[in-house]
């Protein structure tokens with residue numbers, strides 16, 4: 001069963017991993033920022049920092065009620081980059097393109113789980 005605690009740990013893990021990778025290996029992240037946006041490298045650094053902040057907010061009981069909605073907003077905000085990546089994948093192998101398109105609906109549970117973690121913290125006064 002997916003308990004709120006397990007969901008929270010999952011979200012913290014993916015946010016921390018992705019946030020660190022934004023700084024350690026920014027190239028793949030820069031490549032998926034929509035080309036119409038300026039300062040793509042800076043946007044990658046900002047989004048990586050935002051992921052790390054959200055992971056920290058979800059990790060600390062007193063800040064989870066704020067961290068949940070902020071994490072949901074972050075997952076919604078990065079959706080255009082994921083769509084851009086899928087749209088620009090025509091030169092990639094078919095299996096890779098299929099995975100990119102299948103990944104897009106997964107943003108929905110990530111957003112909903114983030115909201116769930118924030119609400120649970122609010123209900124428990126944390």
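Quick rundown of the values:
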| quantity | calculated |
| --- | --- |
| Estimated FRET transfer efficiency (residue 119, residue 46; beta-carbon r; R0 41 Å; 0.05) | 0.95 |
| Likely footprinting exposure, 22, 124, fewest C-beta neighbours within 10 Å first | 124, 22 |
| Whole-number percent relative contact order across the chain, with pairs defined as alpha carbons under 8 Å at least 6 apart | 32 percent |
| Computed over region 4-120, Kirkwood Rh from alpha-carbon pairs, angstrom | 14.7 Å |
| Folded to 0 to 90 degrees: helix 40-59 orientation relative to the chain principal axis, Cα | 20 degrees |
| Using alpha-carbon coordinates, inclination of helix 94-103 to the longest axis of the chain, degrees | 30 degrees |
| Nearest 10 degrees, 0 to 90: helix 107-123 Cα axis against the chain principal axis | 20 degrees |
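Any read-out appearing in this document is the output of simple, stated calculations on the displayed coordinates, not a laboratory observation. Source: prediction; values computed, not measured. We place every Cβ from the backbone using ideal geometry, glycine too, and count neighbours over all the protein chains shown.
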